[in-house]
Amino acid sequence: MQVGTGLLASGAAHSDAEAAYLTTITAAAYVNLGRDAEAHALLQNQWSRFNHAGPFEFALRDLRALTEPGI
């Protein structure tokens, strides 16, 4: 989780697929630890950085819905 967050925050150039993968696994790790607010914040911050129609589309949209405040 810390590695994924660090890589995403580093500003290093990532392809769409790499950014989507890192976001997916890092948000899933946060959810697994019961840290939904942090997962949601990560998803919100990264959402505009990559195409959501790739192979991680379902997982990203599912994680976003799971971590939506008030649900």
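The values are calculated or read from the model by the stated rules, or taken from the named source; none is laboratory data. All values derive from a computational prediction rather than experimental measurement. Quick reminder, even Gly has a Cβ in these numbers, built from the backbone with ideal geometry, and neighbours come from all protein chains shown.
What's the total number of residues in segment 30-49 that are in contact with a helix residue (DSSP H, G or I) (Cβ under 7 Å, 6 or more places away or on another chain) and more than 15 Å from Ala65 (Cβ to Cβ)?
Qualifying residue count, segment 30-49: 3.
Of everything in segment 25-71 that's within 8 Å of the chain's Cα centre (by Cα) and closer than 16 Å to Gln2 by Cβ, which residue is surrounded by the most Cβ atoms within 10 Å (Cβ to Cβ)?
Taking the candidates together, the pick is Ala27.
Only residues in segment 55-71 that are farther than 14 Å from Glu38 by Cβ count as the first member; pair them with residues that are of a type in the set (Val, Ile, Thr) and part of a helix (DSSP H, G or I), Cβ under 8 angstrom, at least 6 apart or cross-chain, and list the lot.
Phe56/Thr23; Phe56/Thr24; Ala59/Thr24; Leu60/Thr23; Leu60/Thr24
Conditions tested, residue by residue: (1) in a loop (DSSP other than H, G, I, E, B); (2) modelled with pLDDT under 95; (3) within 12 Å of Leu63 (Cβ to Cβ); (4) of a type in the set (Gly, Ala, Ser).
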residue	(1), (2), (3), (4)
Gly6	no, yes, no, yes
Gly11	yes, yes, no, yes
His14	yes, yes, no, no
Ala17	no, yes, no, yes
Tyr21	no, yes, no, no
Ala27	no, no, yes, yes
Val31	no, no, yes, no
His40	no, no, yes, no
Asn45	no, yes, no, no
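For segment 54-68, state whether one or more residues are part of a helix (DSSP H, G or I) and of a type in the set (Val, Ile, Thr).
From segment 54-68, those part of a helix (DSSP H, G or I) are 57-66; that's our starting set.
Subset that is of a type in the set (Val, Ile, Thr): none.
Checked segment 54-68: no residue is part of a helix (DSSP H, G or I) and of a type in the set (Val, Ile, Thr).
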